[in-house]
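Visitor: Mind looking over this structure? Questions follow.
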Amino acid sequence: SFPTRRSSDLFPVSGVAALTGFSERTIIKLFENERGVLIYEVPRLRKRATYRTIRIPRPVYERVIRRLSVG
């Protein structure tokens, strides 16, 4: 069987922003290209904005925070 991921192990952008004190825009910039981040995107027709949901797994969050703390 496939390993399951609990929803409590996935942070929304707003949750990470609240934890770190950074803006949601900054969190998106920090995490959108990180390996392991889950991005669900629905392209819209006729030049409307794309719908996108980003979820950040706990290990990815910890890795990035550790990297920012050291650097």
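Visitor: State the percentage of accessible surface on the chain attributable to carbon and sulfur atoms; use a 1.4 Å probe and exclude ligands, DNA and RNA.
Guide: Carbon and sulfur together cover 52 percent of it.
Visitor: Taking the Cα-to-Cβ direction at Val42 and at Val70 and moving 7 Å from each Cα, how far apart do the two end points lie in nm?
Guide: Spacing of the two 7 Å Cα→Cβ label points: 4.0 nm.
The values are calculated or read from the model by the stated rules, or taken from the named source; none is laboratory data. From a predicted model like this one, the values you see are computed outputs, not experimental measurements. So basically every Cβ, Gly included, is an ideal-geometry build from the backbone, and we count neighbours across all protein chains shown. Calculation scope for accessible area: heavy atoms of the full protein, side chains included, ligands and nucleic acids excluded. Shrake-Rupley method; radii C 1.70, N 1.55, O 1.52, S 1.80 Å.
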